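Taken together, the values in this text are just the output of simple stated rules run on the coordinates, not laboratory data. Treat the numbers as computed from the prediction; the structure is a model and nothing was measured. So basically every Cβ, Gly included, is an ideal-geometry build from the backbone, and we count neighbours across all protein chains shown.
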Amino acid sequence: MIKFSTVEHTKGYWEIWEHIQGCKRQVCIMSANDILALFNETVPRVVNEPFLEGDPDCKHAWRPWKFNDNFIQCANCSAMQKVLRLVPKEYKHDDDKL
């Protein structure tokens, strides 16, 4: 398993370290904005679980379920999916704290 860690290099810049089987090596030095952009590109915001039920011929007009925002339902049939939010709707860093 590969793990990564960060160490502050200079103000606003971070060293990215890779850990593989007890060995450690520096991969790169990135700014906080570059790290945030890479994170937002690679980590999905939400994951939808498969259909619970519904018409297989329906084109599915998904909308939030009014009773619980962890689900979406089809406006045309009884299909419903569970939505798992993996990251916040908006994720920003504060330059002043770096």
Any residue in region 32-55 that is more than 17 Å from the chain's Cα centre (by Cα), of a type in the set (V, I, T) and more than 30 Å from F71 (Cα to Cα)?
no
I need every pair where a residue in region 49-75 that is touching a residue at least 24 places away in the same chain (Cβ under 8 Å) has its Cβ under 6 Å from the Cβ of a residue that is among the charged types (D, E, K, R) and in a strand (DSSP E or B), sequence separation at least 6 or different chains.
E49/K82
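Checking the condition out of contact with any Leu (no Cβ under 8 Å at 6 or more places or on another chain), surrounded by 12 or more Cβ atoms within 10 Å (Cβ to Cβ) and among the charged types (D, E, K, R), which residue from D57, D69, D34 passes? Spell out how you get there, then give the answer.
Numbers: D57 fails: surrounded by 12 or more Cβ atoms within 10 Å (Cβ to Cβ); D69 fails: surrounded by 12 or more Cβ atoms within 10 Å (Cβ to Cβ).
On inspection, the qualifying residue turns out to be D34.
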